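Some notes on the structure that comes next.
The values are calculated or read from the model by the stated rules, or taken from the named source; none is laboratory data. These numbers were taken from a predicted model, which means no experiment stands behind them. Cβ atoms come from the backbone with ideal geometry, glycine included; neighbour counts cover every protein chain shown.
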Amino acid sequence: MSLVSTLIIADDHPLFRSALRTVVAQLLPGVQIVEADSPDALNLAVQEHPRADLILLDLRMPGVQGFSALITLRGQYPAIPVVVVSAVEEPAVMRRALDFGACGFIPKSAGLDTIGEALRSVLEGGVWLPPGVTENAAAEEQEERELAQRISSLTPQQFRVLMMLADGRLNKQIGGDLNVSEATIKAHVTAILRKLGLYRRTQAAVLAQRLLRAESASLAELGSAAEGGAEEEAE
């Protein structure tokens, strides 16, 4: 197993953080364990430890919706591996987490031995899912997987704009929140539509709303937009 110096545990449940801490301490004696119980605490922890070796991320911390925290982490700190730890145990959700850049998914129902096995696999450079859950989606889910990968290609700023579209905010409002010009936001929206293969702003907003719910219906229900026309509703 590669040398590990710092590991971040992000979960709002003290008992579960304690259980994870116990497993990590047994598996990696001497490792520095940093705990975060909220999105703000996680953001601070990663800022203070930008070279952390691994982040264990709960999908359902208060203030975190769906895959937003995972996508933001992968966009801002792509060098830090992230393992999702969640009570959501649907295979499609687990696979989607990997599509969004996670290197593993540990159900909260897993025993300590299983958690240890998962951490060993990930820290050795592997990808871990519970037994019986394949890494690749079935053929009929290929469209959804491709869409998830396109979402992962957004820059951190583009992803922030996409999340604001979910609230129905106008370019001027988003620009004010991000302290940039309305023209800059329009350019971001155009780039977002092109990267996602969509041609309407409303499609992007609906997609963003689904991203905020980990158990949501298929992302691919939006379908693929026809080529061209990406700027049709950028304003």
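Before moving on, here are some points about what is shown:
- Extreme residue, nearest to ILE33 (Cα to Cα), among residues of segment 1-17 that are among the hydroxyl-bearing types (Ser, Thr, Tyr) and modelled with pLDDT under 90: SER5
- So ALA45, is it more than 16 Å from ALA148 (Cβ to Cβ), touching a residue at least 40 places away in the same chain (Cβ under 8 Å) and assigned to a helix (DSSP H, G or I): no
- Of all residues in segment 102-128 being assigned to a strand (DSSP E or B) and not hydrophobic (A, V, I, L, M, F, W, C), the one that is surrounded by the most Cβ atoms within 10 Å (Cβ to Cβ): GLY104
- Cβ pairs under 6 Å, 6+ apart, first in segment 23-38 and in contact (Cβ under 8 Å) with a residue 40 or more places away in the chain, second surrounded by fewer than 15 Cβ atoms within 10 Å (Cβ to Cβ): VAL23/LEU112
- Residues of segment 151-174 satisfying the condition of being within 20 Å of ASP99 (Cα to Cα) and outside any loop (DSSP other than H, G, I, E, B): ILE151, SER152, PRO156, GLN157, GLN158, PHE159, ARG160, LEU162, MET163
- Tally of residues being surrounded by fewer than 21 Cβ atoms within 10 Å (Cβ to Cβ), part of a helix (DSSP H, G or I) and over 22 Å from the mean Cα position of the chain (by Cα) across segment 178-198: 6
- Of all residues in segment 1-42, those satisfying the criterion of being among the aliphatic types (A, V, I, L, M), closer than 16 Å to GLY116 by Cβ and not in a loop (DSSP other than H, G, I, E, B) are LEU7, ILE9, ALA19, LEU20, VAL23, VAL24, ALA25, LEU27, ILE33.
- Within the set LEU42, LEU73, the sole residue that is within 25 Å of THR155 (Cβ to Cβ) and at pLDDT 90 or above turns out to be LEU42.
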